[in-house]
Amino acid sequence: MLAFNLEPDSGQPVYARLYAQLREAILTGRVEAGTRLPASRVLAAELGLSRNTVVAAYTRLADEGYAHARGGAGVYVASVLPEDAAFPPLEARTDAVPDEGAGAPPVLSARGRQLAAMGLEGGSASPVPFVADVPAFDVFPLDSWVRLMARSWRQVQPDMLGYAPAAGHAPLREVIAQNLRATRFLRAAGSDVIMTSGSQQSLDLLARVLLDPGEAVWVEEPGYGGTRSAFSAAGARLVPVPVDAEGLSVEEGRRREPLPKLIFVTPSHQYPLGVTMSMARRVELLAFAQSCGALVVEDDYDSEFRYAGTTLPALQSMDSAGRVFYLGTFSKSLLPRFGLGCWCRHRLTRRHLPTPKV
């Protein structure tokens, strides 16, 4: 499985060049400690060399401590290399961010160091009482899911096995758009849907394409920590805006920052308080965004669930100016391990972005 280049080079004999390349493969980790090297006859046949040439290279590796022969079982890479014995490895560091003191150059970028310091962790891997955002894994219809998966794989065509569009599988995007139009009244076609690995990737993508460092972002207070991480990593200036019985307080947000670049809300089921944004507050929020030129990110993370009645239409369905980006995920309705989310966008043009007004 190893590649060799044994073309004539500086007059070295073939066995020496083979030895040098095997030694390099061992030192660089291409061949791990304890790995059995190919039998001398096999390697000789593969490379078109005499067996004695391969034996000579193996013998030199063994003489210098890079390999050892096991009687009747072949030649194996040594567990401890000569370099390791002479220079013991440093103890493993336990901190996530490398020490950059004493004039040492930074290993991570400023954004990388900020992300590492946040230490964002995933949710619980098993159903635990009173833990938010975890569906009932024990009642998921696994048998039905397995049958559907098997049926789907029987219908796979060769043209479905190549590189997929960056935005996701087009038929799946169209089905999602149809569902969102029917259930959430969204103004979206399949081409407006972008598939992601979940809400966190959606937030990260939106932060990178919409925000410049220093721009203000309204975030709900209290709110989802992952949102703050994504926007902070993009260099945005976070403006916490309190939530009352009707949802995000637009009046208080205007007082704290009258010209936000972006507003993040969870109007269907505010996280973590559970408030549903009133219709009057939704109208007020959209009018404010239109007046100041702000964009709105609507995280509709579990609107599929309700105790009674119908939920209010999505904020994006009320948006006539193309300012609202709609986020959704299948982590609650299916399983988090699927890592499947999406966001719907409008095709933003200058007509959607009037000059901000104070």
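The values are calculated or read from the model by the stated rules, or taken from the named source; none is laboratory data. Bear in mind that the values here come from a model prediction, so they are computed numbers and not experimental data. For neighbour counting, all protein chains shown are included, and Cβ atoms are generated from backbone atoms with ideal geometry for every residue, glycine included. Accessible surface is based on the protein model in full, side chains and every heavy atom, while ligands, DNA and RNA are left aside. Shrake-Rupley method; radii C 1.70, N 1.55, O 1.52, S 1.80 Å.
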>> If I ask for residues that are part of a helix (DSSP H, G or I) and either open to solvent by 20 Å² or more (accessible area, probe 1.4 Å) or at positive phi (or both), which ones from segment 15-39 would you list?
In response: Y15, R17, A20, Q21, R23, E24, L27
> How about segment 168-202: which of its residues are open to solvent by 60 Å² or more (accessible area, probe 1.4 Å), in contact (Cβ under 8 Å) with a residue 40 or more places away in the chain and among the small types (G, A, S)?
Replying inline: S197
> Looking at this structure, is R147 part of a helix (DSSP H, G or I), open to solvent by 80 Å² or more (accessible area, probe 1.4 Å), within 22 Å of L262 (Cα to Cα) and not β-branched (V, I, T)?
Replying inline: no
>> Tell me the residue from G214, G225, G198, G235 that is within 19 Å of the chain's Cα centre (by Cα), small (G, A, S) and over 21 Å from P267 (Cβ atoms), please.
In response: G235
> Got a sec? Which of V131, V42, V75 is modelled with pLDDT of 90 or more, open to solvent by 50 Å² or more (accessible area, probe 1.4 Å) and on the phi < 0 side of the Ramachandran plot?
Replying inline: V42
> Which one of S320, S333, S303 is over 20 Å from L205 (Cβ atoms), open to solvent by less than 20 Å² (accessible area, probe 1.4 Å) and polar (S, T, N, Q)?
Replying inline: S303
> Taking the stated definitions as given, is G162 closer than 21 Å to L334 by Cα and not in a helix (DSSP H, G or I)?
Replying inline: no
> Just to be sure, is R350 modelled with pLDDT under 70, touching a strand residue (DSSP E or B) at 6+ places or on another chain (Cβ under 7 Å) and either within 21 Å of A170 (Cα to Cα) or open to solvent by 60 Å² or more (accessible area, probe 1.4 Å) (or both)?
Replying inline: no
> Within the group P258, P240, which residue is out of contact with any Leu (no Cβ under 9 Å at 6 or more places or on another chain), open to solvent by 10 Å² or more (accessible area, probe 1.4 Å) and outside any loop (DSSP other than H, G, I, E, B)?
Replying inline: P240
